[in-house]
C-alpha cells in the first residue's frame, strides 16, 4: 500500500533533554520524508543542545552528553532542516502535542519563522488513541504484527510510525467513528487532509493548548484565573496580564498567538490598551 499524497509528508521524531517545550532542547532529530511517488529519504542528526542531558533522560533514549559534545547546534542545523522540510506536511507520534511545538520553538529561538498554517499535521498517536488506546510499541505490534526493535531510537520510531499509519488507513478505511456530537463518519481515508482533520486538535489556538477557541471562534484562555474568558477582552481590561504572559515561561509559539490577538484588536480599532 502507498500513501496517497499531493505533496511530500515528513514523518519525524525528536529526542530531547526533557519534556518542557520552553526549557528543554533537541538532542536528535530524524525525518523520514515520503514523496508523492512513494520514494523516501531519511535525515537523522544528533544535536548539541547546549545544556546538559539529565541522566534519567539518557536512560530513556540512550544519548549521552559525550555523544553530542562535538555535534552541531540546532542553530547550525536549522537552515538545512528548514530547507529539507519545505512544502512538507508533517506527521509523527504524539507530534501535535510535543514534537511540533518543540521543533517550532527551536526554529523561533534561532530566528526562523517555521509556518505550519498551510501544512497538514497528522498525529498517528491521536488516531491510535481514538481507535485503539495503547502505546507506540503496542501500536506497532497491533497494527503491523512486528516487534519494535530499538524503541526510543529516533530513526526506528519514525519508520515504525510510517508503517503504523499505512496499516491504520487499511484497517479503518470502512470503520465508522462517532464524534462528540454523535455524528457518525468514516474519517480514516488515504488522504492527508482527512487524516489531519481527524488527528489534529482544532480546538487549540496554540500548539500546546494554553489558548483555545470558543463556539464563536474567539481565542479563550484554557488555564489560570481567566480560564474560559476571551483573550482580547481580558487584555483590554487588564493589560498587565499580557505583559505578564510575555515575560513568563510560556512557549514562543503561544506568545505569538496572544500577540496576534493584540495586533488584530489594535488594527480593527476595537482594542485600546493603556498603561495603568
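Values computed for the structure shown
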| read-out | value |
| --- | --- |
| Relative contact order, percent, the chain [alpha-carbon distance under 8 Å, six or more residues apart] | 16 percent |
| Top of 222, 33, 247 by mean-square fluctuation, Gaussian network on the chain, Cα under 10 Å | 247 |
| Relative contact order (%) - criterion: Cα under 8 Å, at least six apart; region: segment 211-268 | 23 percent |
| Rg/Rg_ref, segment 1-52, where Rg_ref = 2.2 N^0.38 Å and atoms are Cα | 1.46 |
| Whole-Å distance, taken between Cα centres, linking segment 175-218 and segment 21-89 | 28 Å |
| As computed over segment 211-268, the Cα convex hull volume per residue (Å³) | 81 Å³ |
| Cα long-axis angle, helix 154-172 against the chain (0 to 90 degrees, to the nearest 10) | 90 degrees |
| Value of relative contact order over segment 165-276, rounded to a whole percent, pairs C-alpha under 8 Å and six or more apart | 15 percent |
| Degrees between helix 252-268 axis and first principal axis of the chain (Cα, 0 to 90, nearest 10) | 40 degrees |
| Rg/Rh ratio calculated on Cα atoms of the chain (Kirkwood radius) | 0.99 |
| Computed FRET value (nearest 0.05) for residue 6 with residue 146, which takes r as the C-beta separation and R₀ as 35 Å | 0.75 |
| Förster radius 41 Å - calculated FRET efficiency between residue 213 and residue 71 (Cβ-Cβ, nearest 0.05) | 0.55 |
| Gyration tensor over alpha-carbon atoms, segment 102-229, equivalent ellipsoid semi-axes in Å | 28, 22, 14 |
| Förster-model FRET efficiency, 30 Å R0, residue 42 and residue 177, C-beta, rounded to 0.05 | 0.40 |
| Ellipticity estimate at 222 nm from DSSP helix runs (n ≥ 4, -39,500 (n - 2.57)) divided over the chain, nearest 500 | -11500 deg cm²/dmol |
| Paramagnetic reach from residue 191 in segment 1-20 [backbone N under 15 Å; point 7 Å along Cα→Cβ] | 4-7 |
| Listed peptides 164-170, 79-85 by packing density, highest first (mean Cβ within 10 Å) | 164-170, 79-85 |
| Within the chain, percent of DSSP bridges classed antiparallel, to nearest 5 | 75 percent |
| P(r) of segment 1-140 over all Cα-Cα pairs, binned every 5 Å from zero, in whole percent | 2, 10, 18, 22, 21, 15, 9, 3, 0 |
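Coordinate-derived values only; no laboratory data. All values derive from a computational prediction rather than experimental measurement. Methodologically, a virtual Cβ is constructed for each residue, glycine included, from the backbone with ideal geometry; neighbour enumeration extends over all protein chains shown.
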